[in-house]
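Right, one structure below, let's go through it.
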Amino acid sequence: MTDTTTTETKLRFRIKLLLAERDMTVANLYQLVKQQGFDISSSHFFRQMTPYPNAIRPELLVAICKALRCEASELFDLVEVASEPVPQQKPKVITPKATKPKKSTDAIAAQEIDAAKRKAEDKRKSALLGPKVAVLGLKKDQ
């Protein structure tokens, strides 16, 4: 078997390294960026702090550079990353039988739905009628 591993050059976001050099956390950086008036949710900010983010807004990069007092060139470097080939897979054939649910499951589900509807209807009726009062036949005093 031959080794067909190839490499590709990627742009790596070095934010974790820069934070470690400054004894800071991502949460500290987030607070500094927010203090500059940059409007970003914490969850979105933390998702962006990965070595290979999909996209980072230029405005966010400017805010990070100001917060860390660094140049934009310090935030990134080029790295060689091994990319393994994806093995060829046969497309999965979906037959009409595989897409149809089982009838027995449908019948059980329909029965459960009908029972739930009946129960809800009974609750609605009892709420409209108020509490049930038993009527007792009283005997007249003799």
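The values are calculated or read from the model by the stated rules, or taken from the named source; none is laboratory data. Here the structure is a predicted model, which is why all the values come from computation and not from measurement. We place every Cβ from the backbone using ideal geometry, glycine too, and count neighbours over all the protein chains shown.
What to note about this one:
- Candidates are the residues of the stretch 31-50 that are part of a loop (DSSP other than H, G, I, E, B) and touching a helix residue (DSSP H, G or I) at 6+ places or on another chain (Cβ under 7 Å); the one that is surrounded by the most Cβ atoms within 10 Å (Cβ to Cβ) is PHE38.
- The stretch 1-30, residues that are under 20 Å from PHE76 (Cα atoms), over 24 Å from the mean Cα position of the chain (by Cα) and in a loop (DSSP other than H, G, I, E, B): ARG14, ARG22, ASP23, MET24
- Counting only helices (runs of 4 or more DSSP H) wholly contained in the stretch 61-142, the ones carrying 1 or more residues that are surrounded by 10 or more Cβ atoms within 10 Å (Cβ to Cβ) and modelled with pLDDT of 70 or more occupy 72-75, 103-129.
- The single residue among THR25, THR6 that is β-branched (Val, Ile, Thr) and under 27 Å from SER83 (Cα atoms) turns out to be THR6.
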